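The values are calculated or read from the model by the stated rules, or taken from the named source; none is laboratory data. Since we're looking at a predicted model, the values are computed, not measured. FYI the Cβ positions are ideal-geometry reconstructions off the backbone, even for glycines, and counts take in every protein chain you see. Note: accessible area is taken over every heavy atom of the protein model, side chains too, but ligands, DNA and RNA are not part of it. Shrake-Rupley method; radii C 1.70, N 1.55, O 1.52, S 1.80 Å.
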Amino acid sequence: MERDLRQRLLTVAEDLFARRGYTETRVREITSRAGCNLAAVNYHFGGKRNLYLAVIEERWVPRALRIREEFVRNLHRSPSGPEGVVEALFRAFFQSPFTERESWRHRRLLAQELAQPTEALEIMLSRGLRPLLETIRESLQDRLPPGVPERRVRLTVFSLLGQTLYFHLARPMIQNFLGESPPEDELLRHVKDFALRGLKGLTG
């Protein structure tokens with residue numbers, strides 16, 4: 001029962017922190033929605049700050065690591081060469097193992113931290129994002145010709161990730177602009193073609 005309450009507090013808190021950010025979220029609203037009293041937050045987490053950090057460590061970081069796992073899994077099924085990295089990254093986000101609500105919370109928590117950083121941002125970067133980015137970099141570097149500077153490869157990782165995330169998040173806008181919802185395979189072909197043209201510049 002106590003474990004159920006702890007998980008319920010994490011779920012409610014994650015939703016409110018994602019919606020309003022750390023500063024604007026009130027403990028009283030968390031406990032009201034979770035159906036418990038204020039003492040429950042202190043008992044299970046030791047206060048609002050630790051509850052927020054628990055949300056990041058127990059909910060956000062595992063999802064970020066799961067995205068990395070999906071990328072690696074997709075990489076083994078993707079074509080050889082740099083296009084395989086692009087495809088694996090695309091599918092890791094477009095064929096996400098998370099619900100829409102989980103994906104929304106994940107994006108919003110990161111956006112809140114980037115807008116108003118707290119100590120949680122370092123946890124996100126070091127334990128969640130950096131492992132993903134380093135795995136993408138290593139995979140890309142291995143598939144490029146020798147001699148491409150690592151710094152250029154690192155910047156390219158952000159270009160690939162940015163393009164993938166944008167097409168993932170902006171699908172309603174793309175649908176409105178095109179007049180229809182494009183098939184996933186069409187978006188993948190477009191992203192791969194566009195990215196590969198850019199990747200050619202690394203070796204030119």
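Report relative contact order for the chain in percent, whole number only (criteria: Cα-Cα under 8 Å, sequence separation at least 6). Could you put the intermediate results ahead of the total?
Values: 158 pairs, mean separation 43.6, N = 204.
With pairs under 8 Å counted, the relative contact order is 21 percent.
Residue by residue through the range 86-101, which ³J(HN,Hα) values in whole Hz follow from phi under the Karplus form 6.51 cos²θ - 1.76 cosθ + 1.60 (θ = phi - 60°), with glycine and proline marked x?
In residue order, the calculated couplings are 4, 5, 5, 5, 4, 5, 4, 9, 6, 10, 5, x, 9, 6, 4, 5 Hz.
Counting only other residues whose beta carbon sits under 12 Å from that of Glu57, what net charge do I get with K and R as +1, D and E as -1?
-1
So what is the diffusion coefficient of the range 118-204 in µm² per second by Stokes-Einstein at 37 °C and 0.692 mPa s, using a Kirkwood Rh over Cα pairs?
Calculated translational D: 221 µm²/s.
Set Lys and Arg Cβ to +1 and Asp and Glu Cβ to -1, take the dipole of the chain about its Cα centre, and tell me which of His76, Leu199, Pro149 lies farthest positive.
Of the options given, the answer is Pro149.
So how do Glu70, Glu184, Glu122, Glu150 rank on accessible area, 1.4 Å probe, biggest first, that is with the largest at the start?
My answer, sorted largest first, is Glu122, Glu150, Glu184, Glu70.
How much accessible surface does Lys192 have with a 1.4 Å probe, in Å² rounded to 10?
Roughly 40 Å² of Lys192 is accessible to a 1.4 Å probe.
Using unit Cβ charges (K, R positive; D, E negative) and no other charged atoms, how large, in debye to the nearest 20, is the dipole of the range 55-203 about its Cα centre?
Values: 23 positive and 20 negative charges, 39 e Å.
Dipole magnitude for the range 55-203 comes out near 180 debye.
Quick check: the angle from helix 61-77's long axis to the longest principal axis of the chain, C-alpha only, nearest 10 degrees?
Tilt of helix 61-77: around 30 degrees.
What is the gain in length, in nm to one decimal, between Trp104 and Leu5 on full extension, counting 0.36 nm per residue of separation less the C-alpha to C-alpha distance?
My answer for the length gained is 33.4 nm.
By average Cβ neighbour count within 10 Å, what is the ranking of 111-119, 87-95 from highest down?
Order by mean packing, descending: 87-95, 111-119.
Just to be sure I understand: with springs between alpha-carbon atoms less than 10 Å apart, which residue in Arg28, Arg68, Arg151 has the highest mean-square fluctuation in the Gaussian network model of the chain?
Among Arg28, Arg68, Arg151, the largest GNM mean-square fluctuation belongs to Arg151.
If I model the range 2-121 as equal point scatterers sitting on the Cα atoms and use the Debye formula, what is log10 I(q)/I(0) at q = 0.09, 0.14, 0.17, 0.22 Å⁻¹?
Cα-only, vacuum Debye calculation for the range 2-121: -0.31, -0.64, -0.83, -1.16.
Roughly how many Å is it from the Cα centre of the range 28-70 to that of the range 119-169, as a whole number?
28
Simple spin-label model, 7 Å along Cα-to-Cβ: Leu155 to Glu184 in nm?
3.3
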